[in-house]
Amino acid sequence: MLELNLNKIVDIQLVQSNEVKGSYHMEKEGLYCCMDFLQGHNLAIDVLVTDRHKQINKWIREVHPYIKHYFDTWHVAKGFRKKFEKLGKQKDCELVSEWQKSIINHLYWCASTTPDDDSELVQAKWLSLDNHVHDVHRRHSTKFPKCSHGRLRRQERKKKWFKRHTKASEKLTSLLTKPTHLKDMTRLSGAHQTSSLESFHNVVINFAPKAVAFSYKGMKSRLKLAALHFNENSDRPQAVTKQDVERYDVIQPKYKSGGYLVRKVHVKATYGYVEQLLQETIEQCNTGGSDLQEEDPKPLCSAFERPGKATAIQQHKSRFSTT
Ligand SMILES: [Zn+2]
């Protein structure tokens with residue numbers, strides 16, 4: 001759980017799928033434990049931003065109705081992108097692919113330019129897109145009467161617009177105006193984005209690479225280390241050259257398929273938490289600290305029956321024997 005104003009990890013929960021009813025239930029259980037931890041420290045949650053996990057949505061609505069619960073725009077955009085990609089592949093709907101990037105940009109714009117509590121306005125802005133893609137830029141709605149882009153330049157006017165009563169137009173309109181999608185729009189988190197949480201996940205991968213299997217305690221320790229490292233380094237300033245010019249990197253990630261990203265280069269990471277950890281370790285060893293005596297859940301494979309080695313080998317041989 002990340003505190004978005006401070007950009008610090010405030011709690012970490014490790015949930016193993018056999019502790020709950022299956023992997024889908026892990027996220028809710030994790031959130032449940034995090035909230036329990038915060039409440040135990042008299043910290044109340046006013047605003048919560050999560051992805052669109054259905055169970056979490058229901059649970060917050062029913063059990064914590066006083067919490068303002070928003071969906072992270074990045075996650076909503078990801079869901080939309082998939083739908084537009086699918087539609088763009090249909091016959092006579094190729095134009096959708098050409099517009100896909102602009103539509104996703106519009107989604108971010110709707111969220112970032114509207115106060116979180118004005119759900120009607122964000123919905124009206126989103127719906128104005130249905131007119132805009134048909135080259136209509138006025139008389140959208142009373143809440144959002146006209147597009148904010150001003151007069152379109154000659155180059156922009158040459159854009160391929162959608163024409164009403166064509167397959168592409170009708171399919172796109174129905175996607176943009178689908179009630180469940182409109183409902184999602186009203187829940188977009190404009191003020192708070194969880195992109196820092198993605199950065200934290202990258203730190204976790206450094207400390208606990210996915211290709212290696214760790215014991216429960218091993219994994220928990222590595223998660224805690226990742227949080228300490230992240231918290232110490234989350235506000236690093238941008239690095240500068242000897243001439244005092246801010247440093248940037250240009251990267252071409254695979255998912256951009258040839259496109260590029262400009263990224264700030266930060267000053268080097270520090271490891272002050274290591275010294276503190278060493279001192280704490282010595283103290284725990286001297287006092288027999290309780291953290292080391294926590295009980296682990298059973299390993300995942302404990303639910304399965306393990307055959308005797310001899311039986312397994314015999315079955316393997318009989319399966320592959322040629323007669
Ligand atoms: Zn427009």
Any hit, region 51-72, residues being of a type outside the set (A, V, I, L, M, F, W, C), within 14 Å of D11 (Cβ to Cβ), under 19 Å from the mean Cα position of the chain (by Cα) and surrounded by 12 or more Cβ atoms within 10 Å (Cβ to Cβ): no
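Using the structure shown, decide if S97 is under 27 Å from L2 (Cβ atoms) and more than 13 Å from the ligand (Cβ to nearest atom). Can you show your working first?
Details: under 27 Å from L2 (Cβ atoms): no; more than 13 Å from the ligand (Cβ to nearest atom): yes.
In short, no.
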Lone unmet requirement of (1) within 18 Å of L2 (Cβ to Cβ); (2) more than 23 Å from the chain's Cα centre (by Cα); (3) of a type in the set (A, V, I, L, M, F, W, C) for W161: (1)
Need pairs with beta-carbon distance below 9 Å; first residue within 12 Å of the ligand (Cβ to nearest atom) and within region 136-153, second at pLDDT below 90 and of a type in the set (A, V, I, L, M, F, W, C); sequence gap 6+ or separate chains. H137/L152
Answer yes if at least one residue in region 108-130 is away from the ligand (no atom under 12 Å from the Cβ), farther than 29 Å from H192 by Cα and touching a residue at least 12 places away in the same chain (Cβ under 8 Å), and no otherwise. no
How many residues are in contact (Cβ under 8 Å) with a residue 40 or more places away in the chain, aromatic (F, W, Y) and within 14 Å of V15 (Cα to Cα) when one looks only at region 212-237? 1
Exactly one of (1) in contact with a His (Cβ under 9 Å, 6 or more places away or on another chain); (2) assigned to a helix (DSSP H, G or I) is unmet by V15. Its number? (2)
Residue, farthest from I9 (Cα to Cα), within region 238-257, restricted to residues that are exposed (fewer than 10 other Cβ atoms within 10 Å of the Cβ) and among the polar types (S, T, N, Q): Q243
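So which residues in region 223-260 are within 15 Å of Y271 (Cα to Cα) and outside any helix (DSSP H, G or I)?
Of all residues in region 223-260, those within 15 Å of Y271 (Cα to Cα) come to 224-236.
Within region 223-260, S234, D235, R236 qualify.
The values are calculated or read from the model by the stated rules, or taken from the named source; none is laboratory data. Since we're looking at a predicted model, the values are computed, not measured. A quick note on method: Cβ atoms are made from the backbone with ideal geometry, for glycine too, and the neighbour counts reach across all protein chains shown.
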